[in-house]
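First up is the structure itself, then whatever we jot down about it.
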Amino acid sequence: MILPGGTLGVLGGGQLGRMFTAEARRMGYRVIVVEPTADAPAAQLADRHIIKPWTDTEALDEVAMRCDAVTTEFENVPADVLRALAAHLPVHPSGDAVAITQDRVTEKAFLNHADIATAAWAPMPDATAGATAWDAIGGGPAILKTARMGYDGKGQARLQQRAELDRAFASLGGAPCILERQVDLAKEISVLVARDQHGTCVTWPVGENVHHGGILHSTVVPAGIPDTIAEAARAAAIRIATSLSYVGVLAVEFFVTTDGHVLANELAPRPHNSGHWTLDAAATSQFEQQVRVLAGLPLGDTSLLSPVAMINLLGDLWAGGEPRWERALAVPGVRLHLYGKRDPRAGRKMGHLTATAADAATALHRAEAAFAALTP
């Protein structure tokens, strides 16, 4: 057990690392961030910022010497780096768990092996595998995704017919891909699950997500789904975390089909954008939980304190000048979180709003009203 006063390391310096750092420091921990970008969001709050790549030997030696435990804020830190650090100090999640989530083909195979339903899929390692992959998923419509990297809708192409596949594969750089059959979608939901070193799991209430252009726009909690679907999703998330021998906070994104099936879509081995609402409307936020698990402390209460809606703030909002924060904050129940990024670009996540209310519909209405009021 690592008590307050200890030093926690985080690989990655983005907004997830920033919110982890804020919670860790609130709880009395020191934080060292390894991030090659100067003035990164997490680095602004950290006790020490090592401005070197995650693969830098000197940086990793310092982390091993000065930190009591290490976590990561995103899944693209090389798994071998996590494995190497684990020889010297606790590292959660493990390199082996993260490695599975870094490749969509490996991830889907793991999910199916754990008896978790997914959309029909097939690997497409090269251009010659197109016909086989198309037949394996039963034809289109389909989505072609790069097997590695890619996020917020990047590295994807939507297809209606087999004739489009070869061109789409080439447009994605000819890298290994996964082809997935598009489902008849009713809703998109996500479940956050935390699992400690003893195998104990807790989940937060299910969030209902809406994406715009492949980027999460809003999350509403509680989700507008039957209890049976919510419980099925939470049970699946726990099964996934247990099958991975996962230690940490894990996000599982699901599709709910029009005929009521719950299909796992993607895993994120870290706190997740769709869980930012927990900072304002849960007994324990996803970031405090990440600190608790890393430090070996008891898991926190995941109860919902109030219905809530979260909306992402992208760099597009700055196109006409500084957003009108005072107008958004005039809406009852609204809170503003900005990430300290100095360069607002289209599609870049700059912050988020949350709104609480007596019911989910009112919370979403307040959040959307605040969001609309931001436009100069």
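Read-outs throughout are calculated quantities, based only on the coordinates presented, and are distinct from any laboratory measurement. All values reported here derive from a predicted model rather than from experimental measurement. Here Cβ is always computed from backbone atoms with ideal geometry, including for glycine, and neighbour counts include all displayed protein chains.
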Checklist entry - Between residue 38 and residue 198, how many nm apart are label points set 7 Å from Cα along the C-beta direction? => result 4.7
Next on the checklist: Once you order the gyration tensor axes a ≥ b ≥ c over the Cα atoms, which shape class does the chain get: rounded for a/c under 1.5, otherwise prolate or oblate by comparing a/b with b/c?
Outcome noted: rounded
Next on the checklist: Just to be sure I understand the model, the point goes 7 Å from the Cα along the line to the Cβ. What's the resulting residue 127 to residue 257 distance in nm?
Outcome noted: 3.3
Checklist entry - Looking at the square roots a ≥ b ≥ c of the eigenvalues of the Cα gyration tensor of the stretch 175-251, which shape do they give, rounded for a/c under 1.5, prolate if a/b is larger than b/c, or oblate? => result oblate
Item to check | Size of charge dipole - the chain - debye, nearest 20, with Cβ of Lys, Arg +1 and Asp, Glu -1, no other charges | outcome: 540
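How high is the FRET efficiency between residue 48 and residue 372 when r is their beta carbon distance and R₀ equals 45 Å, given to the nearest 0.05?
Working: r = 41 Å, r/R0 = 0.90.
The formula returns an efficiency of 0.65 here.
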Checklist entry - Hey, in the GNM for the chain with a 10 angstrom Cα cutoff, which one of 274, 306, 94 fluctuates hardest? => result 306
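Under the rule a/c < 1.5 gives rounded, and otherwise a/b versus b/c splits prolate from oblate, where does the stretch 185-373 land using the Cα gyration tensor?
Because a/c hits 1.5 or more and a/b exceeds b/c, the stretch 185-373 counts as prolate.
As an exercise, use a Förster radius of 22 Å and the Cβ-Cβ distance of residue 3 and residue 301 to find the FRET efficiency, rounded to the nearest 0.05. Numbers along the way, then the final one.
Details: r = 20 Å, r/R0 = 0.91.
Between residue 3 and residue 301 the formula returns 0.65.
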Checklist entry - For the stretch 333-376, list residues with backbone N below 17 Å from a point placed 7 Å from the Cα of residue 210 toward its Cβ? => result 352-357, 359-375
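Taking R0 as 30 Å, what FRET efficiency do you get between residue 167 and residue 112 from their Cβ-Cβ distance, rounded to the nearest 0.05? Show your work: numbers first, answer last.
Working: r = 29 Å, r/R0 = 0.96.
The value I calculate is 0.55.
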Checklist entry - residue 341: which lysines have alpha carbons under 23 Å from its alpha carbon, excluding same-chain residues fewer than 8 sequence positions away? => result 52, 154, 349
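Among the trypsin sites (Lys or Arg not before Pro) in the stretch 289-376, which ones are in a DSSP loop with at most 16 other Cβ atoms within 10 Å of the Cβ? Mind listing them? Each step should come with its number before you reach the end.
Details: sites: 292, 324, 327, 335, 341, 342, 345, 348, 349, 366; in loops: 324, 341, 342, 345, 348.
Those satisfying the criteria are 324, 342, 345, 348.
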Item to check | Estimated [θ] at 222 nm from DSSP helical runs (n ≥ 4, -39500 (n - 2.57)) normalised by residues in the chain, nearest 500 | outcome: -8000 deg cm²/dmol
Checklist entry - Between residue 120 and residue 243, what is the label-to-label distance in nm when each label sits 7 Å out along the Cα-to-Cβ direction? => result 2.0
